[in-house]
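What follows is calculated from the coordinates using simple rules that are stated; it is not laboratory data. Please read these numbers as outputs of a predicted model, since none were measured by experiment. With ideal geometry, Cβ positions are generated from the backbone for all residues, glycine too; neighbour counts draw on all protein chains shown.
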Amino acid sequence: MAREIPLERQRNIGIMAHIDAGKTTTTERILYYTGVTYKIGEVHDGTAVMDWMEQERERGITITSAATTCVWKDCGINIIDTPGHVDFTIEVERSLRVLDGAVAVFCSVGGVEPQSETVWRQATRYNVPRIAFVNKMDRTGADFYNVVDMMKERLKTRAIPFQLPIGREEDFQGVVDLIEGHAVVWDGSELGAQFRVTDIPEEMKEKAAEYREQLVEAASDFDEDIMEKFLEGEEVSKEALVAALRKATLALEITPVFCGTAFKNKGVQLLLDAVVDYLPSPLDIPPVHGVLPNSDEEATRETKDDAPYSALAFKIMTDPFVGQLTFFRVYSGTIESGSYVYNSTKGKKERISRIVRMHSNKREEVDMVHAGDIAAAVGLKYSTTGDTICDPDNPIVLESLDIPEPVISIAIEPKTKADQEKLGVSLQKLAVEDPSFQVKSDEETGQTIISGMGELHLEIIVDRLLREFKVEASVGKPQVAYKETIKKGVKAEAKYVKQTGGRGQYGHVCLELEPGERGEGFEFINKIVGGAIPKEFINPIENGIKEAMESGTLAGFPVVDVKVTLLDGSFHDVDSSEMAFKIAGSMCFKDGMKKGGQVLLEPIMDVEVVVPEQFMGDVIGDLSSRRGKVLGMEARAGFQVVTATVPLANMFGYSTDLRSATQGRASYSMQFSFYEPVPSSVLETITAKAAVR
């Protein structure tokens, strides 16, 4: 079946931003104007199409990244609406991994907020070209030019206005289109579907000329003809200008900035035009890189329908009617419904029974998908987030996803025996859907421990257990995900010898432990020469070390960032076994940890508090009492913004304390920043608690 829309007219984009900047509302307007929906959905009254989970509609926030397809000016646009709350950062991460371009939405009052910076960094890491939409231009305190300056200063991007707002706050009427050289005004009737093209208001002509010159100057850096015309003061054609600015946007050299108010239905159609004009098609993206299975040999796949097919699974979702849905992005070739595919990440062959295009949580069946498409498959049993699906005759393993480590844990217990039977299965299903959510058993207490990115993340997991899986559970108090490591390099030796009549046990290991760079994890190096330890015992030694790392010797927390070198050892022809060397490896590692100056690490959070001037002193004093370090203060839209780093352990219950200290007028956001050693005064308390566990 031939593709309906040519590849060069395809766009795969994400809508990304800080919480409450208006991403979902913007997406709802896009669906309305492109004819996907015939009634505008609203976040505040719980009718938004893209927020389809019950929890999303109740809380007015986006939790999962909903995907939908629409058409604008003969261009097929796959849109993924991503969450703005830091607890759901994995949703943003996996969306950006498979998208070609993004629309970054900023609030005209708040501007560049903490999560805006986080998603911007994520997009930069994946080389995703962006355009910006300054939303909520009708709000009190709206300041388009301030947001542009904040983008330059905080995001270190060359933000260039392609439009200027006409009026602001209640008087916002429309925009000056600097490319076309005219004004576009919305009258407010017919839900914004109709607008008038008119002359630029007299009082804005000088400013428009100044900003258009900046546009042409930016374009001249990418086109010599435009450079000559610019220097000679000649007029540049619209087509040449758009082509040069598109080139600059795709090269991540500039960020075009547009504005409007999605809620009041102004500016969205021009934003759609910009998606078509300035964001990439799959053909504009370099060929995707990967490696051949079981080797480090590089391989690439070009975005062509006649190439061997390759795709990346980026999201798993459980559908109440069809079971597990695997969302995937096709990078090359075509995949047919009913065909067998090869999961090269896991080395398994499986069958796609059906392929569906998703419109939020509604499905439309298709027979085939092509290079550049985003769709969902029914029937894949083994594929999980980050797996490669490819042609069995031309296998390739594509680069996977970075999964963030959880920073917070809670114990969870079923309320009844019936709940107990369902709890394990339900939690496993949720863990498959969300790789940043982890489940494990505490061997000492027998409790089930769930870990995630924040209190809201785990709260929603528990809520989903009750609603979707009908499992009632009680949860304990949140616990910080501490880690253990060492300060200095040490050598250690351990012998495991057991004689009990008959065959004994013998394993002898010499290790060197060195502290690794923060965030590097575990590295194992084998330097055994001359057969001091036979090859078949090397893996068991490494496994014994990994097992010992699950519970450190200082306070029983996982060990991280350690480089372990196997230097020497000995074996016995009869008594040595895999188990003996596994135990010897574990004993030796634990001994080395005790000698290596053990350190307990705690997660430190970036905290930003927006507070009225009169409460500044109280807020700063409170942050200091929580072991916080205040990094800076700045005025923003009539409020003071305090930035600080604070240990996560001291932030539990902060929202309640902040509300009562500021009469409910302050707000804050928090995200993980780094791990650092716990002060000795705090360490004693933590180790004492750990000893009681």
task = Using the charge dipole of the chain (Lys, Arg: +1 at Cβ; Asp, Glu: -1 at Cβ; taken about the Cα centre), state which of Thr384, Val425, Val630 has its Cα farthest towards the positive end.
result = Val425
ask   = Could you give me the ³J(HN,Hα) list for region 95-110, computed from phi with Karplus coefficients 6.51, -1.76, 1.60 and θ = phi - 60°, whole Hz, x at Gly and Pro?
value = 5, 5, 4, 10, 8, 9, x, 8, 10, 8, 9, 10, 6, 5, 9, x
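All other residues with a Cβ under 11 Å from the Cβ of Met549 taken together, and with Lys, Arg as +1 and Asp, Glu as -1, what is their net charge?
On the way: positive: Lys483, Lys546, Lys590; negative: Glu484, Glu542, Glu547, Glu550, Asp561.
Net local charge, Met549 excluded: -2.
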Amide hydrogen neighbours beyond the local backbone of Ser576, cut-off 5 Å, H modeled = Tyr506
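Give me the dipole magnitude in Debye, nearest 20, for region 408-474 about the Cα centre, with unit charges on the beta carbon: positive for Lys and Arg, negative for Asp and Glu.
Details: 8 positive and 13 negative charges, 55 e Å.
Here region 408-474 has a charge dipole of around 260 debye.
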message = With the crude spin-label approximation of a point 7 Å out along Cα→Cβ, what separation in nm comes out for Gln447 versus Glu684?
response = 2.5 nm
query = Considering amide H positions built from the backbone, and no H for Pro or chain starts, which residues 5 or more places from Cys259, or on another chain, come under 5 Å of its amide H?
reply = Val134
ask   = Which of Ser681, Pro435, Met151 sits closest to the plus end of the dipole of the chain, meaning its Cα is farthest towards the positive end, when Lys and Arg get +1 and Asp and Glu get -1 on the C-beta?
value = Ser681
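Summing Lys, Arg as +1 and Asp, Glu as -1, what charge do residues with Cβ under 12 Å from the Cβ of Leu155 carry, Leu155 excluded?
Working: positive: Arg121, Arg130, Lys152, Arg154, Lys156, Arg158; negative: Glu113, Glu117, Asp149, Glu153.
So the environment of Leu155 carries a net charge of +2.
Tell me, in nm to one decimal, what length is gained between Asn526 and Arg659 on full extension, where the rule is 0.36 nm per residue of separation less the Cα-Cα distance? Please list the in-between numbers first.
Values: separation 133, 0.36 × 133 = 47.88 nm, distance 5.51 nm.
Computed gain between Asn526 and Arg659 is 42.4 nm.
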ask   = Tell me which aspartates and glutamates have Cα within less than 16 Å of Lys629's Cα, excluding those fewer than 8 residues away on the same chain?
value = Glu602, Asp606, Glu608, Asp618, Glu676
Longest to shortest principal axis, alpha-carbon extents of region 408-474, angstrom = 30, 29, 19
inquiry  = Can you compute 3J(HN,Hα) from phi for each residue in region 343-353, using the Karplus curve 6.51 cos²θ - 1.76 cosθ + 1.60 with θ = phi - 60°, rounded to whole Hz and x for Gly and Pro?
reply    = 8, 6, 5, 9, x, 10, 9, 8, 10, 8, 7
inquiry  = Need the C-alpha centroid separation for region 231-289 versus region 552-578, integer Å.
reply    = 56 Å
key: Exceeding the 31 Å Cα-Cα cut-off - candidates Lys440/Lys563; Lys304/Lys440; Lys477/Lys582; Lys156/Lys487; Lys73/Lys247; Lys348/Lys590   = Lys304/Lys440; Lys477/Lys582; Lys156/Lys487; Lys348/Lys590
query = So how strong a dipole does region 336-401 carry about its Cα centre when Lys and Arg Cβ are +1 and Asp and Glu Cβ are -1, to the nearest 20 debye?
reply = 340 debye
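Please label the shape of region 212-322 as rounded, prolate or oblate, based on the square roots a ≥ b ≥ c of the eigenvalues of the alpha-carbon gyration tensor (a/c under 1.5 means rounded; beyond that, a/b larger than b/c means prolate, else oblate). All intermediate terms of the calculation are to be shown ahead of the outcome.
Values: a/c = 3.37, a/b = 1.52, b/c = 2.22.
Verdict is oblate for region 212-322.
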Rounded to the nearest 20 debye, dipole of the chain from Cβ charges on Lys, Arg, Asp, Glu = 2440 debye
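So if R0 is 51 Å, what FRET efficiency would Met204 and Val425 give, r being the distance between their Cβ atoms, rounded to the nearest 0.05?
Taking R0 as 51 Å, the efficiency between Met204 and Val425 is 0.25.
For an R0 of 30 angstrom, estimate the FRET efficiency from the Cβ-Cβ distance between Arg503 and Ser570 and round to the nearest 0.05.
0.95
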task = Calculate the all-directions average of the projected area of region 616-693's alpha-carbon convex hull, and give it in nm².
result = 6.4 nm²
remark   = Phi angles of region 140-146, converted by Karplus (6.51 cos²θ - 1.76 cosθ + 1.60, θ = phi - 60°) into ³J(HN,Hα) in whole Hz with x for Gly and Pro, give 5, x, 4, 8, 4, 5, 5
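Can you tell me the relative contact order of the chain? Whole percent, Cα pairs under 8 Å, sequence separation 6 or more.
On the way: 1552 pairs, mean separation 64.1, N = 693.
Answer for the chain is 9 percent.
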ask   = Once amide H atoms are placed 1.01 Å from N in the peptide plane, what residues at a sequence separation of 5 or more from Val341, or on another chain, have their amide H within under 5 Å of its amide H?
value = Glu350, Arg351, Ile352
Residues Ser451, Ser680, Ser586, Ser95, sorted so that the one with the fewest Cβ neighbours within 10 Å comes first = Ser680, Ser451, Ser586, Ser95
request  = Note the full-extension length gain between Arg354 and Val197 as 0.36 nm times their separation in residues minus their Cα-Cα distance, in nm to one decimal.
outcome  = 51.9 nm
query = Taking the Cα centre of the chain as the origin and placing charges on Cβ (Lys, Arg +1; Asp, Glu -1), which of Cys510, Gly174, Pro558 is farthest toward the positive end of the dipole?
reply = Cys510
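Hey, with R₀ at 45 Å, roughly what FRET efficiency would Glu180 and Asp305 work out to, going by the Cβ-Cβ distance, to 0.05? All intermediate terms of the calculation are to be shown ahead of the outcome.
Values: r = 35 Å, r/R0 = 0.78.
After rounding to 0.05, the efficiency reads 0.80.
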key: region 286-417 shape via C-alpha gyration tensor axes, a/c threshold 1.5   = oblate
